[in-house]
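The values are calculated or read from the model by the stated rules, or taken from the named source; none is laboratory data. Computed from a predicted model, the values in this text were never measured in an experiment. Here Cβ is always computed from backbone atoms with ideal geometry, including for glycine, and neighbour counts include all displayed protein chains.
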Amino acid sequence: MTLQRSRRDSRDDQGFTLIEMLVATMILTLVMSIVGGLVISMVKTDRSVRATTAATTQGQLVTESIERGIRNSMLSTTPAFALTAPVTGDQFLVARTAGSASTLVWRCTAWYYSASERTIRSFSSTAQIAAPSSATRSGWTLLAEGVRPAVSGGTVFSQSSSSTGQTLQLALTVDAGTSPRVAFTTSATSRVGTVTGAPTCF
């Protein structure tokens, strides 16, 4: 009896067999592969969501700025805004806008789309605003980067006029990293009335 017990005890002290170690290693590798794949997928999804959110924020900033400016512009004996193309592909929009203070104050507000930089910038002044050069654009407020026309070969800004005012159409997309581009399309119409004390903006 003592001899059988000592043999059994010696077998129990031998530890894991090679096959047991191989099986355990394979199971651990499989689990780690699954967990690693989930973590990588979560990181990619997080990056995609952040890029789409940033693009959406930039696009909303552009549309809100332009809608507010055009809706506060006034069509009278002179246009409410002017849209030009100073450089091929670029667009320069200037509007005569009414401020929101209790006393009416007119300002010149401008937006510049650069096709080469893929940016939209804005600038406001009480005096006339000229189209900025590539050197002076850095002094303008950056609203969005990674901007392109919504339609390939099209424009970001387009306009139309009627007796009820000038209308500006905005159609653009904003880069969102590896995610699909975020599209924005809107329009804004100026008011019709009498302008007094307004600066010459264009």
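Is the range 171-184 home to any residue that is crowded, with 17+ Cβ neighbours inside 10 Å, over 18 Å from the mean Cα position of the chain (by Cα) and aliphatic (A, V, I, L, M)?
no
Ile40 is checked against (1) more than 28 Å from Leu168 (Cβ to Cβ); (2) in contact (Cβ under 8 Å) with a residue 60 or more places away in the chain; (3) among the hydrophobic types (A, V, I, L, M, F, W, C) and fails just one. What number does that condition carry?
(2)
Of (1) out of contact with any strand residue (DSSP E or B) (no Cβ under 9 Å at 6 or more places or on another chain); (2) surrounded by 15 or more Cβ atoms within 10 Å (Cβ to Cβ); (3) among the hydrophobic types (A, V, I, L, M, F, W, C), Ala135 satisfies all except one. Which?
Of everything listed in (1) out of contact with any strand residue (DSSP E or B) (no Cβ under 9 Å at 6 or more places or on another chain); (2) surrounded by 15 or more Cβ atoms within 10 Å (Cβ to Cβ); (3) among the hydrophobic types (A, V, I, L, M, F, W, C), Ala135 misses just condition (2).
For the range 122-132, give me each residue that is in contact (Cβ under 8 Å) with a residue 12 or more places away in the chain and either aromatic (Phe, Trp, Tyr) or assigned to a loop (DSSP other than H, G, I, E, B) (or both).
Phe123, Thr126, Ala127, Gln128, Ile129, Ala131, Pro132
Determine whether the range 68-90 contains at least one residue that is touching a Phe, Trp or Tyr at 6+ places or on another chain (Cβ under 8 Å), more than 17 Å from Ala188 (Cα to Cα) and crowded, with 17+ Cβ neighbours inside 10 Å.
yes
Among the strands (runs of 3 or more DSSP E) confined wholly to the range 146-198, which include 1 or more residues that are of a type outside the set (A, V, I, L, M), over 30 Å from Val43 (Cβ atoms) and in contact with a Pro (Cβ under 7 Å, 6 or more places away or on another chain)?
Hits in the range 146-198: 165-176.
Return yes or no: is Ala51 under 20 Å from the mean Cα position of the chain (by Cα), among the aliphatic types (A, V, I, L, M) and modelled with pLDDT under 95?
For Ala51, the condition - under 20 Å from the mean Cα position of the chain (by Cα), among the aliphatic types (A, V, I, L, M) and modelled with pLDDT under 95 - is met.
Examine the range 133-143 for a residue that is in a strand (DSSP E or B), touching a residue at least 40 places away in the same chain (Cβ under 8 Å) and farther than 15 Å from Gly69 by Cβ, and state whether such a residue exists.
Looking for residues that are in a strand (DSSP E or B), touching a residue at least 40 places away in the same chain (Cβ under 8 Å) and farther than 15 Å from Gly69 by Cβ, one finds none in the range 133-143, hence no.
Go over the candidates Ser138, Ser100, Ser122 one by one and state the one that is farther than 23 Å from Thr77 by Cβ, under 18 Å from the mean Cα position of the chain (by Cα) and not hydrophobic (A, V, I, L, M, F, W, C).
Values: Ser138 fails: under 18 Å from the mean Cα position of the chain (by Cα); Ser100 fails: under 18 Å from the mean Cα position of the chain (by Cα).
From the options Ser138, Ser100, Ser122, the qualifying one is Ser122.
Take the conditions under 30 Å from Ser179 (Cβ atoms) and either in contact with a Leu (Cβ under 7 Å, 6 or more places away or on another chain) or in a helix (DSSP H, G or I) (or both) and apply them to Thr88. Does it pass?
No, not satisfied.
Would you mind finding the one in Thr88, Thr109, Thr97 that is more than 23 Å from Gly165 (Cα to Cα) and not basic (Lys, Arg)?
Thr88
Among the residues in the range 58-78, are any of a type in the set (D, E, K, R) and more than 19 Å from the chain's Cα centre (by Cα)?
yes
If the Cβ limit is 8 Å and pairs must be 6+ apart or interchain, which residue in the range 175-198 that is over 27 Å from Ala144 (Cα atoms) pairs with which residue that is among the aliphatic types (A, V, I, L, M) and exposed (fewer than 14 other Cβ atoms within 10 Å of the Cβ)?
Going by the 8 Å Cβ cut-off, the qualifying pairs are Gly197/Leu104.
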